[in-house]
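Notes to accompany the following structure.
The values are calculated or read from the model by the stated rules, or taken from the named source; none is laboratory data. On a predicted model such as this, the values are computed, not experimentally measured, just so you know. With ideal geometry, Cβ positions are generated from the backbone for all residues, glycine too; neighbour counts draw on all protein chains shown.
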Amino acid sequence: MFKKILNIRFFILLGVAFTLINALLFIIGGALESIKGYMIFYQYGFEEEKSIGIYFLKGLDFFLVGIVFMIFALGIMKIFTHDQIPDDNLPEWLKIKSFKELKILLWETILLTMVVFCLTLIRSSKESIKWDLLVLPAIILVLTVSFYLVKGKKEE
């Protein structure tokens with residue numbers, strides 16, 4: 001019985017390792033998008049045809065997705081494999097004690113990521129804003145209201 005529990009722990013740690021690798025790749029992608037923006041700024045400055053802001057928004061979006069992956073991996077590791085280890089060195093917002101706290105933290109981070117992604121889509125849209133581009137802000141609104149209701153129940 002005890003060996004089965006250790007095997008499950010190994011698979012959780014394997015999943016955490018791959019999720020951290022994914023986070024690292026997203027952060028590298030964000031750095032590359034930012035570098036593209038810097039290179040275009042160096043070549044053209046603030047010309048209207050070359051919008052450097054899109055590259056910076058894409059870079060920020062990549063960074064935020066990387067942070068979501070990192071929070072998820074560290075939260076899963078903390079809850080399922082390292083629950084007995086003291087977390088004195090972690091910032092207060094990363095001291096996750098339960099799966100519900102991890103869910104709330106991820107919800108906040110994903111909402112922020114979706115807002116930046118939505119801004120990137122709207123900014124990079126070459127055409128005028130159409131109805132299908134407004135679906136994402138509506139989804140963000142629904143998720144935000146849901147988050148508010150769930151978090152309000154938690155504090156009561």
Residue in segment 48-57 that is under 17 Å from the mean Cα position of the chain (by Cα), outside any loop (DSSP other than H, G, I, E, B) and surrounded by 15 or more Cβ atoms within 10 Å (Cβ to Cβ) present = yes
ask   = So which residues in segment 95-136 are among the polar types (S, T, N, Q) and either more than 22 Å from GLY66 (Cα to Cα) or outside any helix (DSSP H, G or I) (or both)?
value = SER98, SER125, SER128
message = Restricting to segment 79-94, and then to whatever is assigned to a loop (DSSP other than H, G, I, E, B) and either in contact (Cβ under 8 Å) with a residue 40 or more places away in the chain or hydrophobic (A, V, I, L, M, F, W, C) (or both), can you tell me which residue is farthest from PHE10 (Cα to Cα)?
response = LEU90
remark   = Residues of segment 104-156 being modelled with pLDDT of 85 or more and charged (D, E, K, R), in sequence order, are GLU108
task = Might you check whether a residue that is in contact with an Asp or Glu (Cβ under 6 Å, 6 or more places away or on another chain) and at pLDDT 85 or above occurs anywhere in segment 32-55?
result = yes
query = What are the residue pairs meeting all of these: first residue in segment 133-150, first residue closer than 13 Å to PHE117 by Cα and in contact (Cβ under 8 Å) with a residue 24 or more places away in the chain, second residue part of a helix (DSSP H, G or I) and of a type in the set (Val, Ile, Thr), Cβ atoms under 8 Å, and 6 or more apart or on different chains?
reply = ILE140/VAL115
